[in-house]
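> To start, I am sharing the structure in question, which I have written as structure tokens.
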Amino acid sequence: MDSLRYDLPAITIRSIPVSEMDNNVYLLTAKESGAQVLIDAADDFPAIQQLLADGAGDTSAAPRLALIATTHQHWDHVRALKELVDATGAPAAAGADDADALPVPVEVRLNHGDVGKFDGFELTAVHLRGHTPGSIAFVYEDPEGPAHIFSGDSLFPGGVGNTQKDPERFNQLLSDVTERLFGAYPDTAVVHPGHGKPTTLGAERPHLGEWRARGW
């Protein structure tokens, strides 16, 4: 199965599904520098190694895993994290409010609006409270095309993430998603969720009122 999803001017975006939970693992590779960021080392370390090898073919430089980013603390998103950190020595990043729950020391603790600068691209951290206290979406703004939002379990086609029927958590998550994603990025922005298929902000925007009315 070809893992390449987007071949953009500056980077490639690859992804694979892993585990019985159908988690998405994403890899961004800078074409010129070889800098790579992996998002959600969810499971299946051998498959992740193959994903990194595939990404190495997207650059003429020596590939280097610059960061292993985690969208949130839930177990199904971190099962291969320790193995990957041990194998590569790459630093781990996560939301400040989730960092202590991860199975590895987190060197990069992210707050809302933090920008990670890599050789050839940047990623902006968007704090989306509700699914977990420290859930982070990572946004790549392509200078020549749509933005790409790696939303973890905070936004999916058809609704926001699970808040265990807690009205306060649901309202917080929907408010953050509405303000910090739909209010900040255009309809063309591509949403890459933690499970399942991608969508766009434009496809989901008409349904925000429905989501709030139904309460999940």
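Laboratory data are not the source of any read-out in this text; all were calculated from the coordinates shown. Bear in mind the structure is a predicted one, so any value in this text is a computation, not a measurement. Every residue, glycine as well, gets a Cβ built from its backbone with ideal geometry; the counts of neighbours run over all protein chains shown.
> Which far-off residues, 5 or more places away or on another chain, put their amide H under 5 Å from the one on Thr200, with H placed in the peptide plane?
HN-HN under 5 Å from Thr200: Val191.
> Determine the dipole magnitude for the chain: charges of +1 sit on the beta-carbon of Lys and Arg, -1 on that of Asp and Glu, nothing else is charged, the reference point is the Cα centre, and the result goes in debye to the nearest 20.
Values: 16 positive and 31 negative charges, 68 e Å.
Around 320 debye, computed over the chain.
> Based solely on its DSSP helices, what 222 nm [θ] is calculated for the chain when runs of n ≥ 4 H residues each add -39,500 (n - 2.57) and the sum is averaged over all residues, nearest 500 deg cm²/dmol? Intermediate results must be reported in sequence, preceding the final value.
Working: 5 runs with 42 residues, N = 216.
About -5500 deg cm²/dmol.
> Now for a separate question. Which of rounded, prolate or oblate describes the chain when judged by the alpha-carbon gyration tensor and an a/c cut-off of 1.5?
Prolate shape, in that a/c is at least 1.5 and a/b is the bigger ratio.
> Before anything else, pin down the relative contact order of the stretch 141-192: Cα pairs under 8 Å, at least 6 apart, normalised by residue count, whole percent.
51
> Multiplying the sequence separation of Ser175 and Asp7 by 0.36 nm and subtracting their Cα-Cα distance, what value in nm do you get?
57.2 nm
> List, in order, the whole-Hz ³J(HN,Hα) value for each residue of the stretch 63-77 obtained from phi through the Karplus relation with A = 6.51, B = -1.76, C = 1.60 and θ = phi - 60°; use x for Gly and Pro.
Taking θ as phi minus 60°, the curve returns x, 9, 6, 7, 7, 10, 9, 10, 6, 6, 7, 4, 4, 6, 9 Hz for the stretch 63-77.
> If packing is taken as the average number of other Cβ atoms within 10 Å across a peptide's residues, how do 168-174, 138-144, 65-71, 155-161 rank, most packed first?
The most tightly packed comes first, giving 65-71, 155-161, 168-174, 138-144.
> With +1 on the Cβ of every Lys and Arg and -1 on the Cβ of every Asp and Glu, and nothing else charged, how large is the dipole of the stretch 92-176 about its Cα centre, in debye rounded to the nearest 20?
So the dipole magnitude of the stretch 92-176 works out to roughly 300 debye.
> Using a 10 angstrom cutoff on alpha carbons, build the Gaussian network for the chain and name the most mobile of Pro91, Pro46, Pro193.
Pro46
> Here is a further query. Within straight cross-link reach of Lys117, meaning Cα distance under 28 Å, which lysines are found once same-chain residues fewer than 8 apart are removed?
The qualifying lysines are Lys31, Lys82, Lys197.
> Just to confirm my numbers, what's the Cα centroid distance between the stretch 54-86 and the stretch 95-129 in Å?
Using only Cα atoms, the two centres lie 14 Å from each other.
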